[in-house]
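Q: Please read through the structure below; I'll follow up with questions.
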């Protein structure tokens, strides 16, 4: 099997472990068992749990940013479309939100490669939202676009967690998003 295919196999296993059990579920042994390969092979592709998590998070981050960029890639993108796409409504988006919350806690409590990758992910999302704000309202200042992006991220993170915890339904969340975006205007 080619190196790239083997790497994909192992990172897919790490992502499945993260989705099912969060950060605590990921160990070198668990990744090997999930991928159906030897522990030694996993160690060849990642010297530590931190390296495996960093690689998996970097890949998840690229995918999520691409997903959100694609969702708002029409000629007239909207913040509302972005927020609706970020809402945890299917297995993939729920898994991503669950992983994000776990990584947020890690980035608050430790300095690590994984925490650095999570911060880079947040920066990529923030940059994309800032660009969306400029596209939708070309007359606003750079500072205002940055502030709006931060507000959107904070709103979406909290709302997503309320949906995941079962406190807020997806329909209620969609209404909240529509109301939030209306207040931004």
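The values are calculated or read from the model by the stated rules, or taken from the named source; none is laboratory data. Bear in mind that the values here come from a model prediction, so they are computed numbers and not experimental data. Neighbour counts run over all protein chains shown; Cβ positions are idealised from the backbone, glycine included.
Q: Kindly state which helices (runs of 4 or more DSSP H) lie completely within region 34-145 and contain at least 3 residues that are farther than 30 Å from residue 167 by Cβ and either at pLDDT 85 or above or outside the structural domain of residue 14 (by TED's automatic domain parsing) (or both).
A: Answer list for region 34-145: 39-45, 49-71, 113-136.
Q: Answer yes or no as to whether residue 169 is closer than 29 Å to residue 13 by Cβ and exposed (fewer than 15 other Cβ atoms within 10 Å of the Cβ).
A: No, not satisfied.
Q: Would you confirm whether any residue within region 131-145 is under 26 Å from residue 22 (Cβ atoms) and touching a residue at least 40 places away in the same chain (Cβ under 8 Å)? Steps first, answer last, please.
A: First, pick out the residues of region 131-145 that are under 26 Å from residue 22 (Cβ atoms): none.
Looking through region 131-145, none of the residues is under 26 Å from residue 22 (Cβ atoms) and touching a residue at least 40 places away in the same chain (Cβ under 8 Å).
Q: Do we find that residue 183 is in contact with a helix residue (DSSP H, G or I) (Cβ under 7 Å, 6 or more places away or on another chain) and exposed (fewer than 15 other Cβ atoms within 10 Å of the Cβ) in this structure?
A: no
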